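Okay, structure first, notes after.
What follows draws every value from the coordinates through simple rules; no lab data is involved. Note that the structure is predicted; figures quoted are calculated from it, not measured. Here Cβ is always computed from backbone atoms with ideal geometry, including for glycine, and neighbour counts include all displayed protein chains.
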Amino acid sequence: MTTDSKDHARLAEPAGGAAYDPIAEGYAAENEVSLLNAHYERPAMLELAGDVTGRRILDAGCGAGPLSAALRDGGARVTGIDASAGMLELARRRLGPDADLRVADLAEPLPFADAAFDDVVASLVLHYLRDWGPTLAELHRVLVPGGRLIASVEHPFVLATTRRLAGEKANYFGVTERTEEWTMGGGSTRLTFWDRPLHAMTDAFTAAGFRVEVISEPPAVPGAPEMFPEEFATLSDTRFLAFLFFVLKAD
């Protein structure tokens, strides 16, 4: 399943600092119900996380907190960080005043001790970063030995294919900057993404001390074709190309 620029507003969890503040309310509302977030990406992340009872989890780029809430409901002790104060305010409304939520930029050192977490979830956030090295090093540092980084990113094959279909030159093998203007909930903002090939992703994970355990291209949840018949009209399966998922273990 490919997407045009308007559909792209459904694709990513917040991680752009104050850039997300003007669209926070509209983005959060869309994220609750959209096919790609509510019926595909978030369920896939929870499936990969498995039983999280008692686990200390950092939700890196938590946005308005839907994944944090689901992990907490599953018995995890969750800390959420995001660069957008507006998104964190929405997360606090959802999770309550006692929730551990902090403004933090993934491009900067994290405000946590070594080995503070059993897992890190990074839901559709890494593609906002030009250089993954420092961020992955920090995520490795705050994980216990053997801890997991569970991450989702925009699928690089989709991005390259979409550019070609639009008549643009597509350098799949490079790290390419992409800026888009999003309008949601009466607000507008400009967001910058960094597209990279699959081998650049796995090389960065390995260089930071992670071992790749799973690379997944999961289906949407059962019932999704009935809820979104237009999106599935040309598909013969509940699988489609939108995001790529990883489970990584900190060596």
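Considering only segment 167-189, state which residues are assigned to a strand (DSSP E or B), of a type outside the set (D, E, K, R), in contact with a Ser or Thr (Cβ under 9 Å, 6 or more places away or on another chain) and farther than 15 Å from Arg130 by Cα. Across segment 167-189, the qualifying residues are Trp182, Thr183, Thr189.
Under 8 Å by Cβ, and 6 or more places apart or on different chains, what pairs join a residue from segment 17-44 that is in contact (Cβ under 8 Å) with a residue 60 or more places away in the chain with one that is in a helix (DSSP H, G or I) and of a type in the set (D, E, K, R)? Correct list of pairs: Ala24/Glu89; Glu30/Arg10; Leu35/Arg10; Leu35/Glu231; Leu36/Arg10. Of all residues in segment 54-75, those satisfying the criterion of being surrounded by 22 or more Cβ atoms within 10 Å (Cβ to Cβ) and either of a type in the set (S, T, N, Q) or in contact with a strand residue (DSSP E or B) (Cβ under 7 Å, 6 or more places away or on another chain) (or both) are Ile57, Leu58, Asp59, Ala60, Gly61, Cys62, Gly63, Gly65, Leu67, Ser68, Leu71. Entry remark, segment 199-234: residues being over 23 Å from Gly50 (Cα atoms), out of contact with any helix residue (DSSP H, G or I) (no Cβ under 8 Å at 6 or more places or on another chain) and outside any helix (DSSP H, G or I) number 2 in total.
Condition first: out of contact with any helix residue (DSSP H, G or I) (no Cβ under 9 Å at 6 or more places or on another chain) and free of Cβ contacts under 8 Å to residues at least 60 places away in the same chain. Can you find one or more residues in segment 184-198 that meet it? Checked segment 184-198: no residue is out of contact with any helix residue (DSSP H, G or I) (no Cβ under 9 Å at 6 or more places or on another chain) and free of Cβ contacts under 8 Å to residues at least 60 places away in the same chain.
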